[in-house]
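Asks: Input: one structure, supplied below.
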């Protein structure tokens with residue numbers, strides 16, 4: 001009997017420990033396309049934000065299955081930074097793989113994407129929504145089988161003429177935009193830290209519209 005109780009409490013303690021560790025882990029996914037041709041394009045702002053974070057914290061990305069990964073630790077939280085290597089249209093495949101691998105609950109997932117409907121540099125955090133015609137988000141919701149996941153939308157504006165959307169999205173930032181990006185990237189870094197420490201609701205109230 002004592003042996004059974006010992007095993008029971010040990011099992012319960014282990015289960016609690018696993019749950020606590022899981023809740024302290026976050027998967028931060030920057031959407032983008034791999035390759036030097038896409039590196040400085042508007043569509044790759046997800047990669048750019050994670051690269052900025054890694055540089056600030058002297059982190060290195062390692063090429064692993066379905067993406068490049070770096071680990072950022074802050075205030076007892078572990079942020080798994082993922083840049084999928086699947087190309088934009090199959091982003092969801094990498095996201096689901098790493099969520100399962102690291103036992104990340106859906107509420108601890110944050111997907112970073114560009115958004116044509118927001119002015120340049122505008123930040124908007126949401127807990128749900130449609131894909132808005134974005135192929136990376138479309139595949140993500142298809143693979144997750146839900147539209148209820150956290151996404152960090154970074155405005156790239158819609159300053160393109162009719163029929164030039166693809167060229168604009170896959171085009172590089174202007175000199176004026178590049179000059180303003182460092183401050184915006186710092187703000188994005190602060191948002192990510194807040195997401196893991198203060199929670200989604202406080203982070204939305206703090207950063208949305210900035």
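Asks: Can you name every residue in segment 65-104 that is outside any helix (DSSP H, G or I) and free of Cβ contacts under 8 Å to residues at least 12 places away in the same chain?
Replies: Of everything in segment 65-104, just one residue is outside any helix (DSSP H, G or I) and free of Cβ contacts under 8 Å to residues at least 12 places away in the same chain, namely 73.
Asks: Another question, if that's okay. Just a yes or no: is a residue in segment 14-27 modelled with pLDDT of 95 or more and either assigned to a loop (DSSP other than H, G, I, E, B) or loosely packed, with under 14 Cβ neighbours inside 10 Å (or both)?
Replies: There is no residue in segment 14-27 that is modelled with pLDDT of 95 or more and either assigned to a loop (DSSP other than H, G, I, E, B) or loosely packed, with under 14 Cβ neighbours inside 10 Å (or both).
Asks: Being surrounded by fewer than 16 Cβ atoms within 10 Å (Cβ to Cβ), under 18 Å from residue 187 (Cα atoms) and touching a residue at least 12 places away in the same chain (Cβ under 8 Å) is the filter here, so list the residues in segment 50-64 that pass it.
Replies: Matches in segment 50-64: 56, 57.
Asks: Okay, next question. So is residue 31 modelled with pLDDT of 95 or more, in contact with a helix residue (DSSP H, G or I) (Cβ under 6 Å, 6 or more places away or on another chain) and under 17 Å from residue 195 (Cβ atoms) or not?
Replies: Numbers: modelled with pLDDT of 95 or more: yes; in contact with a helix residue (DSSP H, G or I) (Cβ under 6 Å, 6 or more places away or on another chain): yes; under 17 Å from residue 195 (Cβ atoms): yes.
Yes, satisfied.
The values are calculated or read from the model by the stated rules, or taken from the named source; none is laboratory data. These numbers were taken from a predicted model, which means no experiment stands behind them. Cβ coordinates were reconstructed from backbone atoms using ideal geometry, including for glycine residues, and neighbour counts include every protein chain displayed.
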